[in-house]
Amino acid sequence: MKEKIIVENLGLKYSDGTESLFGINLRIQANKITALIGPAGGGKSTFLRTLNRLNDLADVAEVSGKVLIDGVDVLDPETDVIALRRKVGIVFSRPLPLPLSIYKNISYGLEVAGEKKREVLDEAVERALHLAQLWEEVNDRLDDPAAALSGGQQQRLCLARTLALKPEIILLDEPTSALDPISTLKIEDSLDELKKEYTIIIAPHNTQQAARVADMVAFFLQGEVIEYDTAAKIYTKPQDSRTQDYITGKFG
Amino acid sequence: MQKNKRPFFFNPKLTEKIGVSALTLVAFLTVAPIVAVVIYIVILGAPAISWEFITAMPRDGMRAGGIWPAIIGTFYLTIGTAIFSVPLGVAAAIYLSEYAGDNRLTRYIRLAIINLAGIPSVVYGLFGLGLFVIFLNFGTSILSASLTLSIMTLPVIISTTEEALRAVPQSFRVVSTSLGATKWQTIRRVVLPQALPGILTGVVLGLERAAGETAPILFTGAAFFLPRLPNSPLDATMALPYHLYVISTQVPGMPIQIQYGTVLVLMVFVLVMNLIVTLIRSRARARRQW
Amino acid sequence: MSGNKLKISEVLITRGIQFSGFSSILFVLMILYFLIAQGLPALTEVPLGELFNTRWYPIEEYYGILPLILGSLVVTLGASLVAIPLGVLTAIYIAEIAPSWAKEILKPLVELLAGLPSVVLGFLGILVLSPFLRDTFHLPTGLTALTGSLLLGMIAIPTIVSISEDALNNVPEIYRHGSLALGATRWQTIWGVTVPAARSGILTAIMLGVGRTIGETMTVMMVTGNAPVMPDSLRVLFMPIRTMTATIASEMGEVASGSPHYHVLFFIAVVLFLFTLIVNIVASNISSKQMKRSERILS
C-alpha cells in the first residue's frame, strides 16, 4: 500500500503559546480517507495547515520534524509553497467563497497559476462542478456572485474550487460543520467517489461522520496522536482508554 | 410607587431624560454653525456667480473679472498631489497591512506617519521651500507645491487605506493563498478590489484637504496674481484658497461680491468631494458580500 | 505558466511596496534635516537671551519668540475650551444615543466641517465673527485671540468627534448589555461604563485635536490681529495676538534667504515641530496601549 504522506516527529508552537503539536508521527495512505478525530483544540486544524504550509500565514514560532509528501520534506524552507498548495488542496470549516462570481471562484486557482485560455478554464470549471455535485444547480448562473448561493452550495463550490486545481491530496477541516444534514450527505457522497483519485484527510465535525466516511482514523488529543489505526479497529477495539472514552462520548 | 418619592435628581429615569435631551441639544448646536456657514455662503455668494466669473481672467488687480486661473491652478495642484501621493500612500498602506511584521521597524514607520500627520501645514511649506524650491531647484512651481502637498497628504491616504485593507476579512487571504496564489496575487485580485471603496474615500478626503490648503503652497508654488494659465509644471500658479486669502486680506478696495463668489466656488468644491465620498460609501455598503 | 517571470515581477513589486512603507521615515528625517539645517544658525546669529525674549520686532532685529509661543498657547487653550466639551459630547451623542436619522445628519456635517479649507473659516471670521465679537464686547478690534480660539475650536471638533466616536464604537457591546442587565439606565451606562472604557481613545482624540490647533495657520493669521504682544492676564483673549504659525506664514515671503530673520523663522518651525511631535507621541502612546491586537489565522 502506498504511503502518500509520512509525518515524522512533527512539533509546532505558535508564538502566543496556543495549540501546539508534539511529536506527531503518521503515515497516511494514498487513495484512502483518513479522519482526524478528537476534541477541539487538539491540533487537528494546525496539523492540516502544516501539510500545505498554510500555517506560514499564522504566527508560528517554531516547527520541528519532517513532513514528507511523496518523499519530499515540505517543511524545507526551499520548498515551492505555491506548487505545494496546488498539490494539497484544502476546504475550510465555514464556506468561504471569494467575493467573486461562481465561475471565477473555481477558475481562480488556475488563473493565478497563469492559465489564460478560456476553453481550458471553461472545461476545468465544468469538470470541478460535476465532481462536487454542484453542476446541475448552478450551470445556468455561473456569473452570479458566489455569495448568493446557499451555505451548502457554497461549501460544495469550495470543494469544486479545490478540485479544479487537480490536487493529489485534499484536506477537509470540519467541512460540514456549518451545513444542514442534506448538504452534509452530498459532500460525504462526493468524498466516497473522490477517494478513487485523491488522498483525503478530513477532520470531521463529529465522530459519527468519521465512522461513516473514514478508512483510517487518528485520535488527536492536546497536540498528540494518541492512537492511529483502521476505522474498524478504532471504533470496535481501541487500544488506549482515552480513545475509548472519547468515542463513547465520555468527553469531547 | 416607591420610586416617585425620591427627590427628582435621584430619579434615574428623569436624569436620563434630561441628560439625553441636553446631549441632543449640544450635538445639534455643534453642527449648527456648519449649516449656517453653508447657507450664508450660498446666499451671499450666488449673485456673484456667472459664466464670466468662473471662466474669465481676473482684471483690475483682481477687483473685476473672474477666477479661472485660480480654479485651474487648484485643479492642477490636486492632480499633481494625487500623482505622487496616491501610489506612494496606497503602497505604504499595503506594506503596513500586508507585509510589515510586529517589530521595531514597523513601530518607527507608524511613529513617522503619526508625526507626518501632526506637522503643521506651514512647516510643510518651509520644508517644501528648502527641499523642492531651493535645493532641488524646482523653483516656485506647481511641481514644488504638488510635492509638498503630497507629503502632507500621505498620512491621510496611508491610514485610511490601511484601515480599508484591514477590514477585508483575513479568511479571503487564507483562501486565496490555499489556492496557490502568491502574496501579491492575493493582494491584487482579492484584497485591493474589496478595499477599493475605502481607499477611494481616503484618497478623496486627502485630496480635498490638500486642495483646500494654503500655507504649504505659500512659498512653494502659489502666485499672488497671474492672469494667465500655467504653461508647465514648473510654472507658479494661482490657487483658489490662496486667492481667497489674498482678496480678503491683501487687496484694499476688494468688492465683497467677488470675495463671496470665490468662497462659494471653494465650498461647492468641498461639497462635491464630500458628496462623492458619500456615494462611494453607500454603493460599497450595498454591494459588499461580507 | 511562466513561473520565473511571475517571480521576478513579484519580487520587484514587493521591493517597491517595502520602499513605500519606509518612505514615511525618510520624509520625517528629511523634514527634520531641512528645518534644523536652516534653523540652527539662528542660535549662533541671535544670542540665546534675545531669542527667548519678549519682544518680536524683526525690522529692528528683535527676535524674541516668547510672545509667539505664548500666543500659540493662548489660542490653543481657548480652542480646547471650545472644542473638547463640544467634540466629546457630540461624539457620545452620535455613538451612544443618536437614532440613525440623526447620525445621517450629524456625521456628514462633521465631515463637511473637516473638509472646509481654513481660509474659508478665516474669511468668515473676518467678515462675520469678528465684527460680532467687537460689538458684543465693545472692543477696539474684533481680530483677537478669542476670535481665533472660536474658529480653531471649530477646526478641532471634527478630529475630536470622529476619533472619540471610533473609540466609543470599539467598546464591546457586551459591556453595555452587562450594565443594562444589572438595571442601570442607558444614561448611567454611558457615564459609568462606556465612556470610562473608551477614555484612552477619547484622550487620544483630544490630543490630536489640540495638536491640529497648534499647527493651524491661515485662520489664525487672518483673524487674530497678528500683534506680537506678551500675554499677561486673561484679558489677552480680547486682544490681538500672534502665533508662531502666522509669523512664519506672513514673514517668510519677505525675508532674504539666509538672513538671521530667515533662520529664526526656521527655528520657530523647529519649535513648532517639537510641540506637535510631543503632542502626537503622547497621543499615540495612549492609544497604542489599547491596540495590542492578536491577529490569528481564522475560519
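The values are calculated or read from the model by the stated rules, or taken from the named source; none is laboratory data. Quantities reported herein were computed from a predicted structural model and do not represent experimental measurements. Reconstructed Cβ throughout: ideal geometry from the backbone, glycine too, with neighbour counts over all protein chains shown.
Which of the residues belonging to segment A:222-252 are β-branched (Val, Ile, Thr) and part of a helix (DSSP H, G or I)?
Scanning segment A:222-252 gives A:ILE234, A:THR236, A:THR243, A:ILE247.
Please enumerate the residues belonging to segment B:104-152 that are within 10 Å of chain C (Cβ to nearest Cβ) and of a type in the set (Gly, Ala, Ser).
Within segment B:104-152, B:ALA112, B:ALA117, B:GLY118, B:SER121, B:GLY125, B:GLY128, B:GLY130, B:SER150 qualify.
Can you confirm whether segment B:179-187 contains a residue that is at the interface with another protein chain (Cβ under 7 Å from one of its Cβ atoms), in a helix (DSSP H, G or I), on the phi < 0 side of the Ramachandran plot and surrounded by fewer than 24 Cβ atoms within 10 Å (Cβ to Cβ)?
yes
Among the residues of segment A:116-139, is any surrounded by fewer than 16 Cβ atoms within 10 Å (Cβ to Cβ), of a type outside the set (Asp, Glu), in a loop (DSSP other than H, G, I, E, B) and within 14 Å of chain C (Cβ to nearest Cβ)?
Yes, there is a match, as at least one residue in segment A:116-139 is surrounded by fewer than 16 Cβ atoms within 10 Å (Cβ to Cβ), of a type outside the set (Asp, Glu), in a loop (DSSP other than H, G, I, E, B) and within 14 Å of chain C (Cβ to nearest Cβ).
Looking at segment A:159-190, which of the residues that are within 11 Å of the chain's Cα centre (by Cα) and not in a loop (DSSP other than H, G, I, E, B) is surrounded by the fewest Cβ atoms within 10 Å (Cβ to Cβ)?
A:ILE169
Of the conditions (1) touching a strand residue (DSSP E or B) at 6+ places or on another chain (Cβ under 9 Å); (2) among the hydrophobic types (A, V, I, L, M, F, W, C); (3) closer than 27 Å to C:ILE31 by Cβ, B:LEU179 fails just one. Which one is it?
Looking at each condition in turn, B:LEU179 falls short on (3).
Kindly indicate the residue of segment B:85-103 that is surrounded by fewer than 22 Cβ atoms within 10 Å (Cβ to Cβ) and assigned to a helix (DSSP H, G or I) and also nearest to the other protein chains (Cβ to nearest Cβ) among those meeting that condition.
B:ALA91
For segment B:38-45, check the following and say yes or no: at least one residue is among the small types (Gly, Ala, Ser) and surrounded by 18 or more Cβ atoms within 10 Å (Cβ to Cβ).
Yes: one or more hits.
Hey, can you tell me all the residues within segment C:97-113 that are in contact (Cβ under 8 Å) with a residue 60 or more places away in the chain and surrounded by 22 or more Cβ atoms within 10 Å (Cβ to Cβ)?
Scanning segment C:97-113 gives no hits.
Given the options C:ALA91, C:ALA98, name the one that is modelled with pLDDT under 95 and within 23 Å of C:LEU203 (Cβ to Cβ).
C:ALA98
Could you tell me which of the residues B:ILE134, B:ILE72, B:ILE157 is in a helix (DSSP H, G or I), of a type in the set (A, V, I, L, M, F, W, C) and under 23 Å from B:ALA284 (Cα atoms)?
On inspection, the qualifying residue turns out to be B:ILE157.
Okay, residues lined up against (1) under 23 Å from the mean Cα position of the chain (by Cα); (2) of a type in the set (Gly, Ala, Ser):
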site	(1), (2)
C:TRP187	no, no
C:ARG199	yes, no
C:THR224	yes, no
C:ALA227	yes, yes
C:MET244	yes, no
C:ALA249	yes, yes
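If I ask for residues that are more than 17 Å from the chain's Cα centre (by Cα), closer than 24 Å to A:ILE201 by Cα, within 12 Å of chain C (Cβ to nearest Cβ) and surrounded by fewer than 17 Cβ atoms within 10 Å (Cβ to Cβ), which ones from segment A:72-115 would you list?
Matches in segment A:72-115: A:ASP80 only.
Taking segment C:231-265, which residues are surrounded by fewer than 20 Cβ atoms within 10 Å (Cβ to Cβ), within 12 Å of chain B (Cβ to nearest Cβ) and part of a loop (DSSP other than H, G, I, E, B)?
C:VAL255, C:SER257, C:GLY258, listed by residue number.
Please state which of the following conditions C:SER80 fails to meet, knowing it meets all the rest: (1) within 20 Å of the chain's Cα centre (by Cα); (2) of a type in the set (Gly, Ala, Ser); (3) within 11 Å of another protein chain (Cβ to nearest Cβ).
Condition (3) is where C:SER80 drops out.
Check C:LEU127 against each of (1) within 29 Å of B:VAL272 (Cβ to Cβ); (2) away from chain B (no Cβ under 14 Å) and name the one condition it does not meet.
With (1) within 29 Å of B:VAL272 (Cβ to Cβ); (2) away from chain B (no Cβ under 14 Å) applied to C:LEU127, the lone miss is (2).
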